[in-house]
Structure formats: C-alpha cells, structure tokens
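Heads up, the thing below is written out as structure tokens.
The values are calculated or read from the model by the stated rules, or taken from the named source; none is laboratory data. All figures in this text were calculated on a predicted structure; none of them were measured in a lab. Quick reminder, even Gly has a Cβ in these numbers, built from the backbone with ideal geometry, and neighbours come from all protein chains shown.
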Amino acid sequence: MIPVCRFEDLPEGESVRVGTTPPIAVFRTEDGELYAIDDTCTHQDASLSEGWLEGCLVECPLHAASFDLRTGQPTCLPARRPVRTHRVSVDDGTIHVHVAAEEGTAA
Amino acid sequence: MRTVTVVGASLSGLYAARELRSQGFDGRLVIVGDEPHRPYDRPPLSKDFLTGRASEDHLALTDDEETTGLDAEWLLGKRARGLDARGRTVLLDDGRTVSTDGVVIATGASARRLPGSSLTGVHTLRTLDDARALRDELGGGPRQVVVIGGGFIGAETASSCAALGHTVTVVEAAPLPLVPHLGAEMAAVCAALHRRGEVDLVTGTGVAGLRGTAAVTGVALSDGRVLPADTVIVGIGATPNTAWLAGSTLALHDGVLCDDGCVTALPQVVAVGDVARVGGTRAEHWTSATEQPRVAVANLLAGRTLQTVGSLPYFWSDQYGARIQFAGRRQDGDTVRIAEGELADGAPAEGGFLALYERDGRTTAVLSVDRPRPFMRARRELVRGGSRPQPAAL
Ligand SMILES: Cc1cc2nc3c(=O)[nH]c(=O)nc-3n(C[C@H](O)[C@H](O)[C@H](O)COP(=O)(O)OP(=O)(O)OC[C@H]3O[C@@H](n4cnc5c(N)ncnc54)[C@H](O)[C@@H]3O)c2cc1C
Ligand code: FES
C-alpha cells in the first residue's frame, strides 16, 4: 500500500503520478471517483497522468490512444494492450494505491 | 466493390486496411508491400530503437490476431510497378497483375540520398533495414559521426548517437534548421537542444561531397573544410514514392494529387499518408498517416468525396531528453509568445515551455517542449477555434 497524497490535494478532474517502478497514475474524475493505472502508455513512451481526462477515459498525450480507467483496456488505437489497474483507498484522508501483482493485466 | 488493393504495407496502408474492414468492406482485400516486413512503426527508428531501448517487437503495428481478422492477402516483398490508365490493374514487379475495383495508394516516401552514398559507413534512416545496419555499426565502439541535415530525423539521430557515446556533428545547409516547421524564432530555440548532447551544429554550409574510397573518411563542406567521419547519416528529407505511377493517368507533383478527401482524379483511387498531396499539402507526419485513411476509405467506398480531412496538423519529436510537440498551421509573420515556462540562454529551460503562434489576435499554432498537458489543452482549443467551416475550394 503506497501513500499518494492528501485527498483534498487531488481536485476533481486532476491526476497525480506516483514514482513507483513502474510509475502509477492516480486520477480523480469529475464524478469524484478515484482510479489508479500504470502511468506509462502501452503504445510508446508517454505518461498517462499528463493525459486528457474525460469521464472514465484518459487520452494519451502523445498519439491519443484512450484507456478506460475502470478496466485499463484501450478503447482505441494506437494502443492495443491494456494498462494494469490498481485499487485505490482513502484512509484517514490520505489516498493510497494497492499495487496489483505483476501478472494480471500487465502488458 | 469486390476487390480493393492497398499498395504500401506500412502505417497508412495498414490503417486503410483496418478502415476498409471496419467500414463494412467484405470483399477481397489485397495488400502489396515491397518491404519483406509486416507493418512496423518508423518513429522509434531514430529514437529508442537506435539507442537500444526498444526492440523490434516494439515496432510491430499489428499482431497475428488482428492480421487474421483483417482477412487480407498480403503480398510482401513485392513492389508495384504500374497502375493502368483506368486504375483497375496493379502491375507487380514479378510480372503478375492484380485486377481490382478500388486502389489505396499508401507508398509513402523514401530517404533522399547524396552522390557517393555507396561508401561503407554512409547511411540513410527510413526503413527497419536502414536502422538495423546503423545500429549494428554504432554498437562497435566510439565513432566520429556526421549527420547531414538538421531536420527532425537528423536531430533525433544525432541525439541517439550522442546518447550512445559517439562524437557527433550535425551539418545544416540553411542558416538554421527546422525553420520551415517552426519559424526562425522557435527553430533557434529547438536547435539549441543540440548543446544538451554536446553535439556540434554547423549551419549555413552545404556538403560538397563525401570523402573515402571504400569506406567513408570524411565530409567535405562547401566552405572548404573537411569533417573527419567514419559514420555519416544523410538526413536530407524524403521524396514521395510515385515513380511506379508514372504510366497512370494520375496527376503527380511532389506526391499524388488528391482533393481534400484524399480522392485522386479517378474516383476509385485514393491516396493516404506521406505520398498523398491532400488538398494542396503533403504532410510527412505520423498522425496524418493514421487519420487520412478513415476519410479516404469512406470516400472510396462511396465512389465520391463525401468527407474531407479537416484535422489540424500535429507532430512530435524526441531529442536530447526533450519532447517537442507542435500543432496547427503557422505562417511566416506570425508572432510567437511564450505562454508558459521559459527559455534559458536561448534554449528550452529545465521544465520546458509552451509557445503560441498568433496572427491578428488569433492563435494559429502551438509548440511545446516538455509540457504535454498544457499542450493538449491548447491543441484542443485550437481545434475548436478552427472548426468553423472551411471554404469548399480548399
Ligand atoms: C526515422 C523516422 C522517424 C520519424 N519520426 C516521426 C515523429 O517523431 N513524429 C511524426 O509525426 N512522424 C515521424 N516520422 C514520419 C512517419 O513515420 C511517417 O509520416 C509515416 O511512416 C508515413 O506512413 P506511410 O504509411 O504513409 O508511409 P511509409 O511509412 O513510408 O510506408 C510506405 C510503404 O510503402 C512501401 N512502398 C513504396 N513503394 C512501393 C511500391 N511501389 N510497391 C509496394 N510497396 C511500396 C514502402 O517500402 C513502405 O513500406 C518519422 C519517420 C522516420 C523515417
Ligand atoms: S504513447 Fe500513448 S498513444 Fe502512443
């Protein structure tokens, strides 16, 4: 379980990058939901925490592949492989990421 | 349409094949490509592939599952050498012909060469085979590298060579590289990135010739200097692959001329990607090659131009650890304003910057170095602002 930041420090519609190996991106959607996925796009080398968040989808800032935050699945090209998803919790006002095991949906 | 033939089995050709199937074409699909390889991605060739960070697996644009789903006849290692006057027969170099109802021209572009490029140690960088040869050579110990041409591919290659520990000089004939893309002011800023890699940039002097008998030993400059070199990379641009269309009825002028819906003079022949001059402009950008096929295929299947390519030009470049992104249509005379971040000594500062090109109070283009998020926002605003109807004559 990795602490990310205080809940109030991540406003709706924003994201934060956690410097784990590999790095993880945590999003708080406009609806207030929290999601965490691997930060590096499965297409090439771009940070999804810098992407464009719309609903539960994040668009990669380099070539516009889009990923569903709930499942990690790409919804359009050029990405063809999913990113891993991770469970997020808020404990005593702090956001935590529970890093998924390496297998699972790892690309 | 019963048969559609895609000529060129790379980025735009693959995207066209995908579009044909997803837009409901269930006839015979033939894909002709003169490279022996399945479609692969070129941008990493000058970047992570050259430095060894990405392997050949990373370059693949498709996999077995998708290939099976496309249900196409792949004629790889076969070059098309002609298209008949009606655009109904594609002639292959082995003498075979493919009769077809529709054609997608996706033959891309080839690296321009210099006289004397047959010396060993002289390279171009366009294909996987080019990149393999260069990578092998660079893996054999420190070399004196001269990159001819300071455009994006030249700069990226120089950056990768420097990262591998080689001594690198870039020679650019113009007073500044990248001016046609970025305008003088920002071209100077981006060219200053070479300093990060301790790469020498020699500008304003052309190349008189290559020196050496079997292997290259140097690059003679037009001002009389000779730069010693054991590896030379010629990065002086690309020419569209239209020679095979010489006997067709299509209009060719630095590309295959098409309307702004990618349709040529023949309604059942469309062109996409680097080879296509769409509505007067020929882009050599990855994103254009992936966006045009949707429109081209819709028009091909409809038999006339129903849709036009309206998207904003976009490209990126990675060099010296910096990511450059540009979107829009700038013109000479646009003013440039740094909207975020700053410059340090004429180069992008640590943390990058966002610059807006403006004309008559309107933003025409946006450039960023290492500011992907603000860039995305600005690019979206540009798309919205520019989405007013385009005159049909464009
Ligand atoms: C090293 C490098 C780095 C790049 N980096 C970037 C970047 O960072 N950002 C960016 O936006 N763009 C970049 N690009 C540009 C981008 O890769 C091109 O825009 C894109 O490849 C165009 O795709 P295409 O399918 O139209 O043409 P191509 O990729 O050129 O493919 C055309 C294919 O057709 C084949 N062919 C040609 N003639 C025939 C024939 N007669 N018969 C059969 N087959 C034929 C060719 O062999 C080739 O396989 C880069 C290009 C290179 C080479
Ligand atoms: S790196 Fe994300 S879409 Fe290419």
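Data for the structure
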quantity	calculated
Lone qualifier among A:THR42, A:THR71, A:THR20 - being part of a loop (DSSP other than H, G, I, E, B) and within 11 Å of the chain's Cα centre (by Cα)	A:THR71
Verdict on B:GLY116 being assigned to a loop (DSSP other than H, G, I, E, B) and exposed (fewer than 14 other Cβ atoms within 10 Å of the Cβ)	no
Failed item in (1) within 11 Å of another protein chain (Cβ to nearest Cβ); (2) in contact with a strand residue (DSSP E or B) (Cβ under 9 Å, 6 or more places away or on another chain), with A:ILE24 passing the rest	(1)
Near pairs, Cβ below 6 angstrom, 6+ apart or cross-chain, from segment B:5-32 (within 14 Å of chain A (Cβ to nearest Cβ) and away from ligand 1 (no atom under 11 Å from the Cβ)) to any residue that is among the acidic types (Asp, Glu) and not in a strand (DSSP E or B)	none
Pairs, first within 13 Å of chain A (Cβ to nearest Cβ) in segment B:315-340, second of a type in the set (A, V, I, L, M, F, W, C) and part of a loop (DSSP other than H, G, I, E, B), C-beta under 6 Å, six or more apart	B:ALA327/B:LEU312
Number of the exception - A:GLN73 against (1) closer than 27 Å to B:PRO313 by Cα; (2) away from chain B (no Cβ under 14 Å)	(1)
When residues of segment B:6-57 are limited to those that are under 16 Å from the mean Cα position of the chain (by Cα) and assigned to a loop (DSSP other than H, G, I, E, B), the one surrounded by the most Cβ atoms within 10 Å (Cβ to Cβ)	B:ALA9
Residue within segment B:294-306 that is in the same structural domain as B:GLY8 (by TED's automatic domain parsing), within 16 Å of the chain's Cα centre (by Cα) and surrounded by 24 or more Cβ atoms within 10 Å (Cβ to Cβ) present	no
Some residue of segment B:376-393 being touching an Asp or Glu at 6+ places or on another chain (Cβ under 6 Å), modelled with pLDDT of 95 or more and not in a strand (DSSP E or B)	no
Cβ pairs under 6 Å, 6+ apart, first in segment B:133-153 and at negative phi and buried (at least 22 other Cβ atoms within 10 Å of the Cβ), second β-branched (Val, Ile, Thr) and in a helix (DSSP H, G or I)	B:VAL147/B:THR157
Restricting segment A:55-68 to residues that are within 9 Å of ligand 2 (Cβ to nearest atom) and part of a loop (DSSP other than H, G, I, E, B), the residue that is farthest from A:VAL26 (Cα to Cα)	A:HIS63
Candidates B:GLY150, B:GLY102 - the one that is among the small types (Gly, Ala, Ser) and not assigned by TED's automatic domain parsing to the domain that holds B:ARG42	B:GLY150
Residue among B:ALA327, B:ALA283 that is in a loop (DSSP other than H, G, I, E, B) and crowded, with 19+ Cβ neighbours inside 10 Å	B:ALA283
Residue ID - nearest to ligand 1 (Cβ to nearest atom), chosen from residues in segment A:47-58 that are among the hydrophobic types (A, V, I, L, M, F, W, C) and more than 9 Å from every other protein chain (Cβ to nearest Cβ)	A:LEU48
Hits in segment B:158-206 (condition: part of a strand (DSSP E or B), among the hydrophobic types (A, V, I, L, M, F, W, C) and surrounded by fewer than 22 Cβ atoms within 10 Å (Cβ to Cβ))	B:LEU201, B:VAL202
Given (1) away from chain B (no Cβ under 14 Å); (2) more than 13 Å from ligand 2 (Cβ to nearest atom), index of the condition A:VAL83 fails	(2)
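Listed here are the residues, each with its yes/no results for (1) over 30 Å from B:LEU50 (Cα atoms); (2) more than 14 Å from chain A (Cβ to nearest Cβ).
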{"position": "B:ASP230", "(1), (2)": "no, yes"}
{"position": "B:ILE236", "(1), (2)": "no, yes"}
{"position": "B:LEU245", "(1), (2)": "yes, yes"}
{"position": "B:THR249", "(1), (2)": "yes, yes"}
{"position": "B:CYS258", "(1), (2)": "yes, yes"}
{"position": "B:GLN268", "(1), (2)": "yes, yes"}
{"position": "B:ALA276", "(1), (2)": "no, yes"}
{"position": "B:THR290", "(1), (2)": "no, no"}
{"position": "B:ALA296", "(1), (2)": "yes, yes"}
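Rundown of residues vs (1) within 16 Å of ligand 1 (Cβ to nearest atom); (2) within 24 Å of B:PRO293 (Cβ to Cβ); (3) not small (Gly, Ala, Ser), yes/no style:
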{"position": "A:THR42", "(1), (2), (3)": "no, yes, yes"}
{"position": "A:ASP45", "(1), (2), (3)": "yes, no, yes"}
{"position": "A:HIS63", "(1), (2), (3)": "yes, yes, yes"}
{"position": "A:SER66", "(1), (2), (3)": "no, yes, no"}
{"position": "A:LEU69", "(1), (2), (3)": "no, no, yes"}
{"position": "A:ARG80", "(1), (2), (3)": "no, yes, yes"}
{"position": "A:VAL83", "(1), (2), (3)": "no, no, yes"}
